[in-house]
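Chemist: After the structure tokens below, expect a handful of questions from me.
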Amino acid sequence: MSDLSADIEAWATSQRAAGRSEQTISLRCYHVGRMLRETAATDPWALTLDDVVGWLGSQSWGWETRRSARGSLRSWWRWGVATGRTTEDVGAMIEPVPIAPPTPRLADPGGVVVAMREADARVLLMLRMATGLGMRRGEVARVHTDDLVRDLTGWSLRVRGKGRRDRTIPLPDDIARQIAAASPGYVFPGREDGHLSARWVGKLVSRMLPGTDTMHSLRHLAATSLHDRTRDLRLVQRVLGHASLETTQVYVHVSDDAMRRAIVEHAASW
């Protein structure tokens, strides 16, 4: 018999030792904890492949969430084998989740304009960072005045990215001035290590948006708009901080009109 909470905490500690971000650790622990609760496991290491696949198959998740959960479970069982808690690596036997066709979920541009018009100064800056810079809610929450960088070409922002993949992106002067004008420290102060939580930032922004639009759909809108202007997928990848172009492709919507124009122009050239 295994102490579930003790095992999860020990696993979380091992991930911190490996340099994983708290956001990643929290998500992985959520996936494993949910699996153990919903399978009513008293001993996680007694679960079989059928148990785990049955649980995964019962979830109505999109492919991104499904791939993320699979990654969490694989990490959990690798650690279990490495620490002698089990001899069977169930996670390694879970089938890979195939890449789904791109299905960008763009926020309604008209609704974003209205939201920017009605938001207070704090939420407006959050909206600008998400829509104009393609930043995640957790990245916006952790913006610090020390992250502002000035070089010969202008202002830039050092973004504390997901999975500790930090990046530096150029800033429009007006956003740079707002960050510089904030009190030294986190631009959005709060109770989570001194800043607002990612969840609360997302909630503040979503309240201003119409329908089911969220901060994440603003990121899709930013990716699509950047790609429409540049036709450079790698540039969009760098701005969004994605590890792979495959992920960036999911964020970029190619409209039927754009496809038609491209085909007509290409065909005419021949």
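Chemist: Have a look at 140, 149 and point out the one that is free of Cβ contacts under 8 Å to residues at least 24 places away in the same chain and within 26 Å of residue 243 (Cα to Cα).
Modeler: None of the others qualify; the one that does is 149.
Chemist: Here's another thing I want to ask about it. What are the residues in segment 190-214 that are touching a residue at least 60 places away in the same chain (Cβ under 8 Å), outside any helix (DSSP H, G or I) and farther than 12 Å from residue 111 by Cβ, if any?
Modeler: Those that are touching a residue at least 60 places away in the same chain (Cβ under 8 Å), outside any helix (DSSP H, G or I) and farther than 12 Å from residue 111 by Cβ: none in segment 190-214.
Chemist: With open to solvent by less than 40 Å² (accessible area, probe 1.4 Å), within 30 Å of residue 188 (Cα to Cα) and not basic (Lys, Arg) as the only criterion, which of 114, 123 stands out?
Modeler: Values: 114 fails: open to solvent by less than 40 Å² (accessible area, probe 1.4 Å).
Among 114, 123, only 123 is open to solvent by less than 40 Å² (accessible area, probe 1.4 Å), within 30 Å of residue 188 (Cα to Cα) and not basic (Lys, Arg).
Chemist: Tell me, yes or no, whether segment 21-40 has at least one residue that is assigned to a loop (DSSP other than H, G, I, E, B), among the small types (Gly, Ala, Ser) and within 30 Å of residue 256 (Cβ to Cβ).
Modeler: No: segment 21-40 contains no residue that is assigned to a loop (DSSP other than H, G, I, E, B), among the small types (Gly, Ala, Ser) and within 30 Å of residue 256 (Cβ to Cβ).
Chemist: Which residues, counting only those in segment 9-64, are more than 22 Å from the chain's Cα centre (by Cα), more than 16 Å from residue 80 (Cβ to Cβ) and of a type in the set (Val, Ile, Thr)?
Modeler: 53
Chemist: Cβ-Cβ below 7 Å, separation at least six or inter-chain, first residue in segment 170-186 and closer than 25 Å to residue 235 by Cα, second among the charged types (D, E, K, R): which pairs?
Modeler: If the second residue must be among the charged types (D, E, K, R), the pairs left are 175/128.
Chemist: Something else now. Where residues in segment 1-56 are open to solvent by 50 Å² or more (accessible area, probe 1.4 Å) and among the hydroxyl-bearing types (Ser, Thr, Tyr), which of them is nearest to residue 88 (Cα to Cα)?
Modeler: Going through the qualifying residues, I end up with 48.
Chemist: Output the number of residues of segment 70-97 satisfying the condition of being within 21 Å of the chain's Cα centre (by Cα) and loosely packed, with under 14 Cβ neighbours inside 10 Å.
Modeler: Here the count works out to 1.
Chemist: Test residue 124 against the criterion of being out of contact with any Ser or Thr (no Cβ under 6 Å at 6 or more places or on another chain) and without any contact (Cβ under 8 Å) to a residue 24 or more places away in the chain, and give yes or no. Even if it seems obvious, please write down each step before you answer.
Modeler: Working: out of contact with any Ser or Thr (no Cβ under 6 Å at 6 or more places or on another chain): yes; without any contact (Cβ under 8 Å) to a residue 24 or more places away in the chain: yes.
Yes, satisfied.
Chemist: Then there's this: Of the conditions (1) outside any helix (DSSP H, G or I); (2) at pLDDT 95 or above; (3) among the small types (Gly, Ala, Ser), residue 107 fails just one. Which one is it?
Modeler: Residue 107 satisfies every listed condition except (2).
Chemist: Please go through (1) part of a loop (DSSP other than H, G, I, E, B); (2) open to solvent by 60 Å² or more (accessible area, probe 1.4 Å) for residue 67 and return the number of the only condition it doesn't satisfy.
Modeler: (1)
Chemist: Considering every residue within segment 240-257, establish whether at least one is part of a helix (DSSP H, G or I), within 21 Å of residue 142 (Cα to Cα) and touching a residue at least 60 places away in the same chain (Cβ under 8 Å).
Modeler: yes
Chemist: Taking segment 141-178, which residues are acidic (Asp, Glu) and assigned to a strand (DSSP E or B)?
Modeler: 151
Chemist: Would you confirm whether or not segment 237-253 contains a residue that is loosely packed, with under 11 Cβ neighbours inside 10 Å and either under 29 Å from residue 146 (Cβ atoms) or at pLDDT 90 or above (or both)?
Modeler: No.
The values are calculated or read from the model by the stated rules, or taken from the named source; none is laboratory data. Every value quoted in this text rests on a predicted model; they were computed, and no experiment measured them. Cβ atoms come from the backbone with ideal geometry, glycine included; neighbour counts cover every protein chain shown. Heads up: the accessible areas ignore ligands, DNA and RNA and are worked out on the full protein's heavy atoms, side chains in. Shrake-Rupley method; radii C 1.70, N 1.55, O 1.52, S 1.80 Å.
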